[in-house]
Amino acid sequence: MNKFMTIFKHTFLTNLKKKSFIITTIVSMVLIVLLFNLPPLLEKLSDDKSYTIGVVDQTHEIYSDMKSELSLYEKIELKSFASEDSAQKAYNDGDIYGYVIVKLNANNFIEAEYKAENIVAFELSANIEQSLSTIQFHRIAKELNLSSAEINSLFTPVKLTKTPLGEDAKSESDIALSYVIVYILLIAIYFGVIMYGNMVAMEVAKEKSSRIMEILVSSVNPITQMFGKILGISLLGILQISLMFLIGFFSLKSNSGTFTFDALTLDFSNIPLSLILYGVLFYLLGYLFYATLAAMLGSLVSRIEDMQQTIGILNFVMVAAFLVSIFGLTNPDALVIKISSYIPFFTPMIMFMRIGMTNIHFLEIAIGILIMIVSIIASSIFAAKVYKGGVLLYGKSNSLKDIRKALELK
Amino acid sequence: MSLYINNITKYFGNKAAVKDLTLNIDNKQIYGFLGANGAGKTTMFRLILGILEASKGTIRWNGEPINYSNSDGIGYLPEERGLYAELPVKQQLIYFGELRGMTREQASRKIDDWLYRFNITSYANRKLQELSKGNQQKVQFISAVMHSPDLLLLDEPFSGLDPVNVEMLKSAVKYMADEGTTILFSSHRMEHVEELCESLCLLDKGEAILEGNLNAIKRDYGKKNLHIKTSVDLKFLSEFPEVKSIIPKADKTIIQLNDDESIQDILTAVISKGEVTHFSLEEPSLNEIFIEKVGKGYE
């Protein structure tokens, strides 16, 4: 126990003091603050200059309607021109940003042509099109002799109320909130597990390549060593992630605590605590499983340069699990999702996603947790065996062969 | 009380790195493992430490197998040196001390003593990578001895050191022995083993070809060397039946004898022919014994 604490403390403190760790933490915190303050910041940065658009109204009856329609948009000012030539001249002189030629075709429908320096400012042309469509609508309604009440009735939307029939099914706004939280936590689990798992592998590989391992293995049990390292790094990870969530939380709070996605407004004060706790639990389970295997692979490489190649297989599986879980966000009841939520590598992300998005029975969650615990125990026992032999294995690495050789050496 | 290695065999694949080795090493002595590269010295150490598991046989330290329950009493200087390049000297030594069951305070005190002894006190808070190779070696040595182990394994402790540092480490090894530590020590340099060890084991391809007390080995070998400095041409000595060979060197001639019974006759014969400035009977060197036993040159 004492030696475990020694290794745990040593791993945590030496990594905490590393320049690279301090810098990444600060940079990510700054990025998070920027991200949450992006919408107001962008608004401040975006130009508020208005555009003057010339109108060559060949129908002589639409210009005034256009003017009143477009008065809604502060950015657009209209100016009337008698002919295309005079508009072009004004454009050449730099008086206007562009111009629209409006005419009627044979069927008496409005046709228009928009000319400008460039048509990148998509909003401008969209506004013009919108206003012309409205005008056209009113012209046709007038021709058909529709009253304004009749016009309004044309626009009446259908009212659809959604009632979930399933027992404790989630309401629409609940689902939206879950979706966002599950999404964010899935990303956190994915990055956290890979990042800190790789850090464990790196620690082991470094000690092996510098040959410190032989001394460590002769004085401390490999299981104690491995878990000292794994938990030391996990404390580091928890510290770093908590810092990020904290800074994210306060940034959000300073933005009045809500976030608007199109029409949906999410109130983050309604976050279900249990979902967050499940997220933390599955993160830890996923991390422990991944880290034991990463430590094992770390013990097999002789040079740090070979590390990425060896651990690549593990990372590949994690990417697959992440993609499946993202697919599952919109199809949480698909059979493939249900099945994969019981496969150890996939369980942490996919089971968590199912908890967030569906009404999963607690028994299923318990089975998932149990599968993870059993897998972690099995992988640590196996990893510890390889670890002890792997420490003495030098030369060109070839992971699968090396695992067998390391087991023989032990 | 002893380290008892009982009929140990270790296979790597089909190849035996150590073969049917049986040794009984008494406590409180310096014991040497001699052998060329690949003779099985490092494998033997790893077997003793329990890093490797023997294919056959047992190893007992004071009657018990060596494992993580008694590893605090063991010190190990591996052949491939391993320290944290990025960490300050004292900080990492404290870590190694704690891993051998010391408290921070105990470790700190011991480290200060050893740094002083090795004349590197001023490097205590410097990163290891800033130290010279010789000084790094001293730090490595401290990591093996700071917890005053009962059993100390030193794998090629003097390789790559300059003569001054070799002497400094030799005296530290002797100091540890005086403190009552049992020291196992491997080298491919015969003269280091001859100087430090009372007993030794000569390994060749994983097998012990000589084992036991150094003086007894030399006595049992029976053959001795005469060192003669003279102006006389000594070729006529080949007429003596006990003379095995005559080896002329730059400043003297070495006469290898099968026994030392007719030394007086040889001396009389040489003196009768001319002046003799040096005449001595020497023990054979380990190197000679090795060559004779293995039937080939050693270094």
task = For chain A, just run the numbers: alpha carbon Rg, then divide by 2.2 N^0.38 Å, N being how many residues it has.
result = 1.45
request  = Note the full-extension length gain between A:L323 and A:T163 as 0.36 nm times their separation in residues minus their Cα-Cα distance, in nm to one decimal.
outcome  = 54.5 nm
query = Relative to the longest principal axis of chain A, what angle (0 to 90°, nearest 10) does the C-alpha long axis of helix A:2-16 take?
reply = 30
note = Rounded to the nearest 0.05, FRET efficiency between B:K28 and B:E207 (Cβ-Cβ, R0 25 Å) equals 0.40
inquiry  = Of A:L146, A:L273, B:L196, which is farthest towards the positive pole of the protein assembly as shown's charge dipole, taken about the Cα centre with +1 and -1 on the beta-carbons of Lys, Arg and Asp, Glu respectively?
reply    = B:L196
query = Amide H neighbours of B:Y31 under 5 Å, counting only residues 5+ apart in sequence or on other chains, H built in-plane at 1.01 Å?
reply = B:I183, B:L184, B:F185
note = When the charge dipole of the protein assembly as shown is computed with +1 on Lys and Arg Cβ and -1 on Asp and Glu Cβ about the Cα centre, the Cα farthest towards its positive end, among B:F279, A:I367, A:M353, belongs to B:F279
key: For chain A, size of Cβ-based charge dipole, Lys and Arg +1, Asp and Glu -1, in debye   = 3260
key: Longest DSSP-loop-exposure-free segment, trypsin sites (Lys or Arg not before Pro), chain B, at most 12 other Cβ within 10 Å   = B:1-248
task = Would you mind finding the longest exposed-site-free stretch of chain A, with exposed GluC sites (Glu not before Pro) meaning DSSP loop and at most 14 other Cβ atoms within 10 Å?
result = A:168-410
ask   = If a helix is a whole DSSP H run, which ones in chain B reach 15 Å or further along their own axis (Cα) and hold a mean Kyte-Doolittle hydropathy of at least 0.0?
value = B:89-99, B:163-178
query = What is the magnitude of the charge dipole of region A:51-154 about its Cα centre, with +1 placed on the Cβ of each Lys and Arg, -1 on the Cβ of each Asp and Glu, and no other charges, expressed in debye to the nearest 20?
reply = 120
message = Out of all Cα-Cα pairs in region B:152-195, roughly what percent, to the nearest whole number, are more than 15 Å apart?
response = 40
note = Volume per residue (Å³) of the convex hull spanned by the alpha carbons of the protein assembly as shown is 281
note = For chain A, longest principal axis from Cα atoms; helix A:399-409 axis from its Cα atoms; angle between them, nearest 10 degrees, is 20
Charge dipole of region B:1-69 about the Cα centre (unit charges at C-beta), most positive-ward option of B:N62, B:G35, B:I51 = B:G35
note = Taking Cα atoms only, helix A:172-209 is inclined relative to the longest principal axis of chain A by an angle, in degrees rounded to 10, of 40
query = Using a simple charge model, +1 on the beta-carbon of Lys and Arg, -1 on the beta-carbon of Asp and Glu, nothing else, what dipole does region B:224-283 show about its Cα centre, in debye to the nearest 20?
reply = 280
ask   = Across 10 Å bins from 0, what is the distribution of all Cα-Cα pair distances for region B:224-283, in whole percents?
value = 24, 66, 11
Radius of gyration and Dmax over the Cα atoms of region B:2-218, both given in Å = 17.1, 50
request  = Diagonalise the Cα gyration tensor of region B:157-283 and give the resulting equivalent ellipsoid semi-axes, square root of 5 times each eigenvalue, largest first, whole Å.
outcome  = 36, 18, 13
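Here, each number is a calculation from the coordinates, and none is a lab measurement. As the structure is a computational prediction, the values presented were derived from the model and not from experiment. Neighbour counts run over all protein chains shown; Cβ positions are idealised from the backbone, glycine included.
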